[in-house]
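Below is one structure, written out as C-alpha cells; the observations come after it.
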Amino acid sequence: MSATTSRAGSGYLEAPFVALAHRGFSRAGLENSMAAFAAARDLGLRYVETDAHATSDGVAIALHDASLDRTTDAHGLVADLPWRTVRAARIGGTEPVPSLEDVLGTWPDLRVNVDVKSAAAAEPVARAIERTRAHDRVCVASFAASRREATVARLSRPVTVSGARGAVLGMFLAGRARTDALARLAARSVDCLQVPVRGGWVRVVDSGFVRAAHRAGVAVHAWTVNDRATMHRLLDLGVDGIVTDRADLLRDVLRARGLWA
C-alpha cells in the first residue's frame, strides 16, 4: 500500500484553532498514559500529541523516550523488549504503557498528532492507523523526514503531515528573506509546521515565520508553551495551534479570546 501526501490535508486541521495537549494532560507526570489522554479530552480538547516507538515484536507504543527508565517502573530499551513486557510496565508506577492502536481506537472523536521516534516505528505506526481507520484524524510528524515519509508511504489513504527540520529551516529563512519561492519550496508536501518558539537564542516563531508559512499555505503550531503570556503573544502573531503541557491554561486563554470551540 502507498499513499501520496495531499496538501489539502485529511480534515485533521479543520478546527479554527488547534489546541494540542502535549503527551496528554497530567499534573502528576503521567505523560502518554491513557489517563492523561482522557484528562485532556475531559477538559474539552480535541487534539492530543503523542510519540511512537516500536517494541521488538513490532507494536507501536505511545512513549516519548527510547527506554522505559524515566517514566515507568521498568527498565530497558523499548526496541529490545516484546510488547508483553512493555505492557506490564507502569507509568509513574500506576498507569500502563498504551499501544498506539489503543489510543487511536479508544476515542474515535480525538485527533492525534503522532511523532514517529524511530525508523523501526514507521511500519507499526502505519499499521495502527490502518487498523483503526484513523487517517482523517491523524497528523504524522517526525524530526526526520525519512521516518515520516516511511510511515506515510505505508498508508492506504492520505494523512495530514507536519514538516521536518529541513522544512522548518527553509521557512525560517524564507521569513527572514521574505522570499515566497523559498517558502513554497519549504512547504512542499506538508500541511503544517510544528516548531519550537525558540531554538537556543534564536526566536523561531515570529511574524516573518508565520507570514511566510501562511503565504505558502501551511499552518504553524508552536511548542511547548506553558505560560499565559507566551500563549497570548503567539496568538497575536497568528499561529494556528499551540502544543502545551498546560491544557487547562490554554483552554482558559482561548476562552477569554473567543477562540474556544
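Quick look at the values:
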read-out	value
One residue from Ala88, Ala145 being touching a Gly at 6+ places or on another chain (Cβ under 9 Å) and of a type outside the set (Val, Ile, Thr)	Ala145
Among the candidates His53, His64, His22, His75, residue that is modelled with pLDDT of 95 or more, in contact with a Ser or Thr (Cβ under 9 Å, 6 or more places away or on another chain) and under 22 Å from Ala219 (Cβ atoms)	His22
Scan of the stretch 209-231 for residues that are in a helix (DSSP H, G or I) and either without any contact (Cβ under 8 Å) to a residue 24 or more places away in the chain or touching a strand residue (DSSP E or B) at 6+ places or on another chain (Cβ under 8 Å) (or both), ordered by number	Phe209, Val210, Ala213, His214, Ala229, Met231
Selection count, the stretch 232-261, where residues are in contact (Cβ under 8 Å) with a residue 60 or more places away in the chain and either among the hydroxyl-bearing types (Ser, Thr, Tyr) or assigned to a helix (DSSP H, G or I) (or both)	6
Only listed residue being among the charged types (D, E, K, R) and closer than 17 Å to Val243 by Cβ, chosen from Asp115, Asp102, Asp180, Asp136	Asp115
Strands (runs of 3 or more DSSP E) fully within the stretch 85-202 counting 3 or more residues that are under 17 Å from the mean Cα position of the chain (by Cα), without any contact (Cβ under 8 Å) to a residue 60 or more places away in the chain and not assigned by TED's automatic domain parsing to the domain that holds Arg46	192-196
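The values are calculated or read from the model by the stated rules, or taken from the named source; none is laboratory data. No experiment lies behind these values; they were computed from the predicted model shown. When we count neighbours, we look across all protein chains shown, and the Cβ atoms used for this are built from the backbone with ideal geometry, even at glycine.
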